[in-house]
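Report on the following structure.
The values are calculated or read from the model by the stated rules, or taken from the named source; none is laboratory data. Since the model is a prediction, treat every value here as computed from it, not as a measurement. Every residue, glycine among them, receives a Cβ derived from its backbone with ideal geometry; neighbour counts consider all protein chains shown.
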Amino acid sequence: MSQMSKHLQIRRGFVDTRFGQIHYRFAGDLTRGRPLVMFHASPGSAKMVEPYISRFAPTRPVYALDTLGNGDSAPPPGEKPDLSVFVEGHMAAIDALGLGEIDLYGSHTGGNIACEIAIARPQQVRHLVLNGMSLYTREERADMLANYAPAVPLSSDGTHLSYLWHFVRDTFLFWPWYKRDAAHVRAVGLPSLDALHDKVVEVIKASRTFHLSYNAAIAFEKEERLPLVRVPTLLACAKTDMLLPYLDPVSALMPGAVKCITPGLATEAASVETIGRMNAFLDDHKFSGA
């Protein structure tokens, strides 16, 4: 990470909405430039995108929200909210923060939310970066809704804590995580114990509700929605992302978008290349995907 990024302070706050308080992280000079609003993948919280915040914030103000029911944000209303609840909740947060023209970044679950905000507010959203997007078949969707993110009941002997540790850990080892056989092994290895611990802690904080946004995103049928995005869009995906096989099918539904396979953030050189491409797109520099 660059010296500038190392010393950049990521601050935290809450904003009041009709959905309850939404927690966010923010960094950069908030008085200059068009804000980048970020939505994280599931499970976890905006803490998981801190490496991106640190690299984007030297050139633009950044706000990264904990999605409803994750991290320190309020839970969404209802027992089985659909994606529209999360979209409305986070548009309310953007309004409460007093943000005008913005760019959006969304990864996995967060990408679904970001897409719908871009569709609803094409005059407010200048650019959209989607970093890893799925396009599940009907069979995949049914299987994942049944198995991927079930509610985890609290237990007096703490076995729910062990379940959540292994759930988070196994998402790095298998795809999907509950198919623990050689055919579904991911060749990425585990993150550092510090990073794994941080992610597990964020999931444990939201153990009653983290599955709600997950299942809303899995159930969300994008085939008719993605073509409605009218803002300039970068379809990015790290070469190690389990959703990489969906990049071409998603791109086919968004022919005006720029497609880009990135090296991710595994090394400093990879980070410089990945964020450099995204910054070039956000800044309207001449950009071509790869």
Next on the checklist: Being under 22 Å from A46 (Cα atoms), of a type in the set (A, V, I, L, M) and within 17 Å of the chain's Cα centre (by Cα) is the requirement here; does L104 meet it?
Outcome noted: yes
Next on the checklist: If I filter the stretch 68-86 for residues that are at pLDDT below 95, under 22 Å from L234 (Cα atoms) and not in a helix (DSSP H, G or I), do I get at least one hit?
Outcome noted: no
Item to check | Residues of the stretch 231-249 satisfying the condition of being surrounded by fewer than 21 Cβ atoms within 10 Å (Cβ to Cβ), of a type outside the set (A, V, I, L, M) and touching a helix residue (DSSP H, G or I) at 6+ places or on another chain (Cβ under 8 Å) | outcome: P232
Next on the checklist: As an exercise: evaluate R180 against (1) under 25 Å from K239 (Cβ atoms); (2) not in a loop (DSSP other than H, G, I, E, B) and give the number of the one condition it does not meet.
Outcome noted: (2)
Next on the checklist: Among the residues in the stretch 52-59, are any under 17 Å from A114 (Cα atoms), aliphatic (A, V, I, L, M) and modelled with pLDDT of 95 or more?
Outcome noted: yes
Next on the checklist: I need every pair where a residue in the stretch 144-162 that is of a type in the set (S, T, N, Q) has its Cβ under 6 Å from the Cβ of a residue that is part of a loop (DSSP other than H, G, I, E, B), sequence separation at least 6 or different chains.
Outcome noted: N147/Y178
Checklist outcome for this item: Among (1) crowded, with 18+ Cβ neighbours inside 10 Å; (2) more than 24 Å from P232 (Cβ to Cβ), M133 falls short only on (2)
Checklist entry - Which one is farthest from Y136 (Cα to Cα), of the residues in the stretch 96-115 that are out of contact with any His (no Cβ under 6 Å at 6 or more places or on another chain) and assigned to a strand (DSSP E or B)? => result I102
Checklist entry - If you go through the stretch 151-163 one residue at a time, do you hit one that is touching a helix residue (DSSP H, G or I) at 6+ places or on another chain (Cβ under 7 Å), closer than 22 Å to S45 by Cα, aromatic (F, W, Y) and surrounded by fewer than 20 Cβ atoms within 10 Å (Cβ to Cβ)? => result no
Checklist outcome for this item: When every residue in the stretch 207-218 that is surrounded by 16 or more Cβ atoms within 10 Å (Cβ to Cβ) and more than 16 Å from the chain's Cα centre (by Cα) is compared, the one farthest from P75 (Cα to Cα) is S207
Checklist entry - Across the stretch 122-168, what is the number of residues that are closer than 18 Å to H211 by Cα and part of a helix (DSSP H, G or I)? => result 18
Checklist entry - Do we have any residue at all in the stretch 193-206 that's under 30 Å from R126 (Cα atoms) and in contact (Cβ under 8 Å) with a residue 40 or more places away in the chain? => result no
Next on the checklist: Please count how many residues of the stretch 215-229 are out of contact with any Gly (no Cβ under 9 Å at 6 or more places or on another chain) and in a helix (DSSP H, G or I).
Outcome noted: 7
Next on the checklist: Name the single residue that is farthest from H40 (Cα to Cα) among those in the stretch 107-136 being in contact (Cβ under 8 Å) with a residue 60 or more places away in the chain and among the polar types (S, T, N, Q).
Outcome noted: S134
Next on the checklist: Please go through the stretch 250-275 and give me each residue that is within 15 Å of K222 (Cα to Cα), surrounded by fewer than 14 Cβ atoms within 10 Å (Cβ to Cβ) and modelled with pLDDT of 95 or more, ordered by number.
Outcome noted: A252
Checklist entry - Does L128 satisfy the criteria of being more than 22 Å from E202 (Cβ to Cβ), surrounded by 15 or more Cβ atoms within 10 Å (Cβ to Cβ), touching a Ser or Thr at 6+ places or on another chain (Cβ under 6 Å) and not β-branched (V, I, T)? => result yes
Checklist outcome for this item: By residue number, the members of the stretch 12-48 that are in a strand (DSSP E or B), under 14 Å from the mean Cα position of the chain (by Cα) and not hydrophobic (A, V, I, L, M, F, W, C) are Y24, R25
Item to check | Pairs, first of a type in the set (V, I, T) in the stretch 208-219, second crowded, with 22+ Cβ neighbours inside 10 Å and in a helix (DSSP H, G or I), C-beta under 9 Å, six or more apart | outcome: I218/T109
